[in-house]
1. Can you list the trypsin sites (Lys or Arg not before Pro) in region 41-139 that are in a DSSP coil and have 14 or fewer other beta carbons within 10 angstrom?
2. What label, among (i) 1.07; (ii) 1.27; (iii) 0.98, belongs to Rg/Rh (Cα atoms, Kirkwood Rh) computed from the structure on display?
3. Where nothing but the Cβ of Lys and Arg (+1) and of Asp and Glu (-1) is charged, how large is the charge dipole of region 14-139 around its Cα centre, in debye to the nearest 20?
4. Which value, in Å², gives the accessible area per residue of region 24-112 when a 1.4 Å probe is used on the protein heavy atoms?
5. Using +1 at the C-beta of Lys and Arg and -1 at the C-beta of Asp and Glu, which of ALA86, SER137, VAL97 has the Cα lying farthest in the positive direction of the dipole of region 85-139?
6. Rounded to the nearest 5, what % of DSSP beta bridges with both residues in the chain are antiparallel?
7. Per DSSP H run of at least 4 residues, take -39500 (n - 2.57); add these up for the chain, divide by its residues and hand me the 222 nm value, nearest 500 deg cm²/dmol.
8. Which whole-Hz couplings ³J(HN,Hα) result when phi for each residue of region 88-102 is put into the Karplus expression 6.51 cos²θ - 1.76 cosθ + 1.60, θ = phi - 60°, listed in order with x for Gly and Pro?
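The values are calculated or read from the model by the stated rules, or taken from the named source; none is laboratory data. Quantities reported herein were computed from a predicted structural model and do not represent experimental measurements. Glycine gets a Cβ as well: all are built from the backbone with ideal geometry, and neighbour counts include every protein chain shown. When the accessible area is computed, the model is the full protein with side chains, heavy atoms only, and any ligands, DNA or RNA have been set aside. Shrake-Rupley method; radii C 1.70, N 1.55, O 1.52, S 1.80 Å.
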Amino acid sequence: ADLGGRVRQVGHEDAVTVAGFDLHVYGEDHEILHPDVPPIPNTGFLVDGEVFHPGDALTVPGEPVRTLCLPGNAPWMKIPELYQYARAVRPERAFVVHDGLLNDFGLGVMSKHVEAAGEELGKPFRRLTPGETVDLSAS
């Protein structure tokens, strides 16, 4: 309440404009962290119809995704779920997020699986190195 109009609660399938960006909201719950603990709220955001960040949920948006921020690793995730999620979303391209728990060996293994998931769909999927940028309008 102290934040007044600076904060707005959103939920699954809401659409809002924030700082000039059109946001579509997808998802309701974080992936399961512990079998005995109920899921906590979590949502993903599709920004300007271009980039979808699923948060810590593997929600499939109800519209096409050009660029997916693909979770590459998490305590709540296994490699088969990476493939299943990529197949379900079918983005034009994907870049890895959520890989901070991995050492160099784990990053190499995960990167190979991300690239293989993209190859299955005939699309470029890869991990960006820290500080690397891409121009989404160029492709």
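1. Details: sites: ARG66, LYS78, ARG87, ARG93, LYS112, ARG126, ARG127; in loops: ARG66, LYS78, ARG127.
Passing both the DSSP loop test and the Cβ count: LYS78.
2. Looking at Rg/Rh (Cα atoms, Kirkwood Rh) for this model, the match is (iii).
3. So the dipole magnitude of region 14-139 works out to roughly 400 debye.
4. Dividing the accessible area of region 24-112 by its residue count gives 52 Å².
5. ALA86
6. 55 percent
7. Working: 2 runs with 29 residues, N = 139.
Result for the chain: -7000 deg cm²/dmol, rounded to the nearest 500.
8. Values per residue, Gly and Pro as x: 6, 7, 6, x, 6, 7, 9, 10, 6, 10, 6, 10, x, 8, 9 Hz.
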